[in-house]
Structure formats: structure tokens, C-alpha cells
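Below is one structure; the comments refer to it alone.
Read the figures in this text as sums done on the coordinates, not as results from a lab. All of these numbers come straight from a predicted model, not from anything done at the bench. Here the Cβ positions follow ideal geometry from the backbone for every residue, glycine too, while neighbour counts run over all protein chains shown.
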Amino acid sequence: MVRDAWVALAVAAASTVSLWDLWRTPATGAFVKTTTFPMALAALMLVLALVLLGATLRDRARRARPAPGGSGATVRVMLLVAFTALYIGALPWLGYLVSSAVYFGAASLAFGNRDALSIVIAMIVVPLALMLFFEKYMIVLLPSAGLFG
């Protein structure tokens, strides 16, 4: 098996053990428990490890890949910096959900994702998941749309 697959399996196992241990730990707190953030990080590591494992097994046949870099990478990074500045400027006017959806779509396109379905799914799922996490678990209010309200 490829080295990346072994790394993904090790990270997935460690994340699973951490999640299991944190789940059984008695935690205190009214809304946010002392284990909320570590559990979120362990869950994120588990998901990323599974993504790495899936990508490694899928791309096993393709060994030779061009090395990243060159002027194309610089342009993509500069585009992302510009998108981030526009995103920050749009937050008070369009609110968190609309601004984030547009930002994730633009970032996906800038970094070469051309699969329309995956871009639309990311534009819907990622902002909603982050909003749920911050507003329900971390009790952090995100900007609402000033343009519409």
C-alpha cells in the first residue's frame, strides 16, 4: 500500500481514539463544553484522513503528477487574496451565508475545480455547517445581511 494510505489510516485511527476518549469524558459548561472544540478538531482530522485515504486509493494508478508551482500558482494565490478582501467587504452587506457561498465558489474556481455539482454542494454545505458550528455550539453570532434588513 502507498505511504499516504498508511498515514491516512494512522491519522484516522488516532482521531477515532481521541473522539472516543473525548466522548466519554465528563465535560462542564452550559452550551460549549470543555470538550467541544477538541471533539470538532478530532472529527475534522478523521474526515480529512478519510478524504486522503480515498484520494490515495483512487489515484493509485496515476503515479506521475506535475509538480505544483510556477506562475499559475502565484496567480491563484493572488486571486484568493483578492477574493478574501472582497469577502470581508461583502460580509456586512450580504451577510455570512451569501458572502461565504460566493467566496467558496470563487475559491473553487480559482484553484481549478470545474465540477459544477461539487462547487454548488460546497457553496451550500460548507457555509451552513460553519454557521451551525459557530452559532449553535460556539455561541458566536455571524453577520446578517444589512442590505436586505
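Below is a table of values for the structure above.
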| read-out | value |
| --- | --- |
| Between segment 74-144 and segment 5-30, the Cα center-to-center distance that results, in Å | 28 Å |
| Distance (nanometres) between label positions extended 7 Å along Cα→Cβ at Ala43 and Phe133 | 0.9 nm |
| Theoretical FRET efficiency, 1/(1+(r/R0)^6), r = Cβ-Cβ of Arg3 and Lys33, R0 30 Å, to 0.05 | 0.25 |
| Relative exposure of Leu52, Leu22, judged by other C-beta atoms within 10 Å (fewest first) | Leu52, Leu22 |
| Length gained when the stretch Ala116-Ala13 is fully extended (0.36 nm per residue, less Cα-Cα span) | 33.8 nm |
| Lys, Arg +1 and Asp, Glu -1 on Cβ, resulting dipole of the chain about Cα centre, debye, nearest 20 | 440 debye |
| Entry for Rg/Rh (Cα atoms, Kirkwood Rh) (calculated from the structure that is shown) out of (i) 0.94; (ii) 0.98; (iii) 1.03 | (iii) |
| Ratio Rg/Rh [Cα only; Rh per Kirkwood] for segment 70-149 | 1.02 |
| FRET efficiency, 1/(1 + (r/R0)^6) with R0 41 Å, evaluated for Thr74 and Arg24 via beta carbons | 0.30 |
